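Notes follow the structure.
The values are calculated or read from the model by the stated rules, or taken from the named source; none is laboratory data. These numbers were taken from a predicted model, which means no experiment stands behind them. Reconstructed Cβ throughout: ideal geometry from the backbone, glycine too, with neighbour counts over all protein chains shown. Side chains are part of the model used for accessible areas, which takes the heavy atoms of the whole protein and leaves out ligands, DNA and RNA. Shrake-Rupley method; radii C 1.70, N 1.55, O 1.52, S 1.80 Å.
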Amino acid sequence: MIKSLLKYSVALSLFITSTVSLAQALEEMVVTSQKREQNLLDVPSALQAFSGDMLEGVGVRDTNDLTGLVPDMMMSGEDVGRANIWLRGIGSTAFDTGSESSNALFVDEIYMSRAQSVMTGLVDLERIEVLKGPQGTLYGRNALGGAISIYYKKPTSEFEQKLKAGMGDSGYQSLSYMISGELANNLYGRMIIGYQDVEGAHKETTRGEDDGPKNQNFRFSLFGEGDNYEWSLTTDYGESDVDELVTEARICEDAV
């Protein structure tokens, strides 16, 4: 009896502790989906937000992985070069010159007209905000289904350095290096280099290539401040490669 009571007491204590920790984490998260800083719990909209540490902890590598965390979000397209984002069943398959998405995508508050702009890997993130439902008032006409905002970490005066390597199933390999700190008086810089490789579902026996994506990222940011002003400059390069497979069509191979 005492043993069972003790067991349930410990389980209840752990549950309460985890619930309080989650509530505190939500209360501390500041978002800007309404174009002003707010606590996540104070936003009167269908908003989901994830910090960079949360995304790193669950293994989110690119925008496609984000669909596992956000209900009613889906990616479609032939490959990463023709990707489309869907929210609540609203999206577009058009990829012609001049065509526009039905869901707005922003990187550091800069509008991206093509979803493949962020399909090359997500590394060194501050947070991601996914706002569902029509958002034309705040984000313009290309936000019929919702808006996705991606924020990268900014340079700070504190010196930081991180080297991270990972391996997993399906031939997953990753390597990233980040360094940040003060370069001069009131001038700060941050650089991130990342590489990811995932084996695809199909493999070619002739050359040994597969149809999984290989992502490469390079991002360098400068941030400066004065008495009455601030300025920033960012250069970002991303590349995603998918090997072409040589195939041979076999029709009715076992037919008599």
LEU41: accessible area at probe 1.4 Å, nearest 10 Å²?
100
With DSSP loop assignment and no more than 10 other C-beta atoms within 10 Å, the GluC sites (Glu not before Pro) in the range 124-171 are GLU158
So what's Rg/Rh here for the range 116-198, counting alpha carbon atoms and using the Kirkwood radius for Rh?
1.10
If I model a spin label at THR93 and THR32 as a point 7 Å from the Cα along the Cα→Cβ vector, what separation in nanometres do I get?
3.7
Chain lengthening between SER170 and ILE193 when straightened (0.36 nm per residue, less Cα-Cα):
6.0 nm
Kindly report, to the nearest 10 Å², the accessible surface of ILE90 as traced by a 1.4 Å probe over protein heavy atoms only.
60
Surface share of carbon and sulfur [accessible, 1.4 angstrom probe, percent] for the range 151-226
54
Could you give me D for the range 146-193, from Stokes-Einstein at 4 °C and 1.567 mPa s, where the hydrodynamic radius is the Kirkwood radius over C-alpha pairs? Units µm² s⁻¹, please.
100
